[in-house]
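The values are calculated or read from the model by the stated rules, or taken from the named source; none is laboratory data. Remember, predicted model here, so these are calculated numbers, not experimental data. FYI the Cβ positions are ideal-geometry reconstructions off the backbone, even for glycines, and counts take in every protein chain you see. The protein model used for the area step is the full one, side chains on, heavy atoms only, and it has no ligands, DNA or RNA in it. Shrake-Rupley method; radii C 1.70, N 1.55, O 1.52, S 1.80 Å.
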Amino acid sequence: AKVGGRGSVQFFQPAMQAEAHARRELEDDLRPALGRGEFEVHYQPIRSLREDAFVVCEALVRWRHPRRGLVPPSDFIPIAEEIGLIHELGAWVLSTACRECALWPSNIGVAVNVSAVQFRHGDVLAQVTQALRTSGLAAARLEVEVTESALVDDVQATGSLLRLLRGAGVGVSLDDFGTGYSSLSYLRALPFSKVKIDRSFLDGAEVGNRAMLLLEGIARLSDALGMTVVVEGVETPEQLKLIASLGCIEQVQGFLFSRPMTADLIQAVLSPITPA
Ligand code: C2E
Ligand code: CA
Ligand code: CA
Ligand code: CA
């Protein structure tokens with residue numbers, strides 16, 4: 001069959017069809033996955049430089065697919081958003097994370113990612129309240145992470161939601177900071193308690209170079225605005241040294257300290273069994 005006027009169209013079509021097919025298959029599998037208990041939450045600890053200890057763990061969802069194995073969130077969160085499943089899935093992650101955090105030592109909190117779609121059309125406040133109530137977790141141990149893309153439409157509405165969350169005692173973090181369009185205006189307008197500087201700012205950062213000055217500037221600015229500053233994606237001791245030398249970055253997260261772990265493993269790491 002003749003497809004369009006350009007050879008390239010003909011050439012790419014089978015590949016595009018295969019991709020569309022794979023996606024449809026994943027989508028069909030995704031709908032019943034929650035009911036089948038195929039999702040699990042893994043946790044990556046975040047280290048406080050001041051306390052030299054883990055203080056909070058980020059909840060990162062995975063899909064244990066019966067045939068494909070462990071599927072990363074980048075492969076199914078966008079689909080869940082598109083088909084509207086993200087509201088249910090998000091509520092499940094929130095309640096699971098709060099329940100599991102309640103088993104950890106009481107000085108350790110949990111950070112939960114909330115999708116842009118949930119933020120705009122969902123009832124995040126009610127879900128948070130419900131998760132705290134059923135788990136018995138103290139509100140101060142919960143942080144909600146939102147990316148800049150969650151905020152683009154309506155700064156007014158976002159502001160009131162963030163204030164309600166903070167009023168309830170929950171922390172709110174600006175995730176992937178610096179990757180969006182209006183990063184700085186969000187810092188001014190919205191009551192974040194924490195800023196997570198995207199790991200791209202570590203690329204090529206070395207003492208005194210431009211990348212380092214940019215990282216430093218962003219960190220100082222966030223700190224001066226009263227927010228806790230976190231750098232994500234710390235992978236090497238050299239990066240850690242640079243970060244620590246600035247003095248205003250309070251927390252670090254990355255493979256240097258730990259990969260995300262299953263709930264069982266993180267619990268064992270955080271509450272080692274003490275000999276009787
Ligand atoms: P994110 O919120 O920025 O989460 C951090 C991601 O960076 C995680 O990937 C983590 O495994 C990875 N990471 C941590 N340390 C390092 C490092 O040192 N180097 C590198 N290269 N990567 C590191 P993951 O678990 O695949 O999650 C990817 C994204 O999926 C998350 O990015 C978040 O946007 C989204 N996500 C994960 N769980 C949820 C969830 O429950 N709900 C929603 N809405 N989104 C989620
Ligand atoms: Ca995050
Ligand atoms: Ca991030
Ligand atoms: Ca500070």
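Summary table below
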read-out: Nonlocal amide H pairs with Val170, under 5 Å, H built at 1.01 Å; value: none
read-out: Mean separation of Cα contacts under 8 Å, 6 or more apart, over the residue count of the chain: relative contact order %; value: 17
read-out: Residue-wise HN-Hα coupling along segment 38-50, computed from phi with Karplus coefficients 6.51, -1.76, 1.60 (Hz; x: Gly, Pro); value: 8, 8, 9, 9, 9, 10, 10, x, 10, 9, 8, 6, 5
read-out: Furthest towards positive pole of dipole, Leu240, Val144, Ile218, structure part segment 118-241, Cβ charges; value: Val144
read-out: Peptide ranges 93-100, 249-256 listed from the most packed, as the mean C-beta count within 10 angstrom indicates; value: 93-100, 249-256
read-out: Accessible-area ranking of Ile86, Ile273, largest first, probe 1.4 Å; value: Ile273, Ile86
read-out: Relative packing of 192-201, 176-185, which averages over residues the other C-beta atoms within 10 Å, highest first; value: 192-201, 176-185
read-out: For Val56, residues with placed amide H under 5 Å, excluding near neighbours; value: Ile46, Gly109
read-out: CD proxy at 222 nm, helix term only [per DSSP H run n ≥ 4: -39500 (n - 2.57); per residue of the chain; nearest 500]; value: -14000 deg cm²/dmol
read-out: log₁₀ of I(q)/I(0) at q = 0.15, 0.17, 0.20, 0.22 Å⁻¹ - segment 98-220, Debye sum with one point per alpha carbon; value: -0.73, -0.88, -1.09, -1.21
read-out: Distant-in-sequence amide H partners of Asn113 (H built 1.01 Å from N, under 5 Å); value: Ala59, Glu145
read-out: Radius ratio Rg over Rh of the chain, counting only Cα atoms, Kirkwood formula for Rh; value: 1.01
read-out: Protection proxy ranking of 63-75, 227-239 - average other beta-carbon atoms within 10 Å, highest first; value: 227-239, 63-75
read-out: Point-charge dipole on Cβ atoms (K/R +1, D/E -1) for segment 108-159, about Cα centre, debye to 20; value: 280
read-out: In order through segment 90-105: 3J(HN,Hα) via Karplus (6.51 cos²θ - 1.76 cosθ + 1.60), integer Hz, x for Gly, Pro; value: x, 5, 5, 4, 4, 6, 5, 4, 5, 5, 6, 4, 4, 8, 8, x
read-out: Isotropically averaged projected area of segment 141-276, using the convex hull of Cα atoms (one quarter of hull area), nm²; value: 10.3
read-out: Debye, to nearest 20: dipole size of segment 60-168, +1 on Lys, Arg Cβ, -1 on Asp, Glu Cβ; value: 460
read-out: Length-normalised contact order for segment 71-149 - Cα pairs under 8 Å, 6+ apart - percent; value: 37
read-out: Beta bridge orientation in the chain: antiparallel %, DSSP, nearest 5; value: 40
read-out: Residue-by-residue Karplus 3J(HN,Hα) for segment 121-132, coefficients 6.51, -1.76, 1.60, Hz, glycine and proline x; value: 10, x, 10, 4, 4, 5, 5, 5, 4, 4, 5, 5
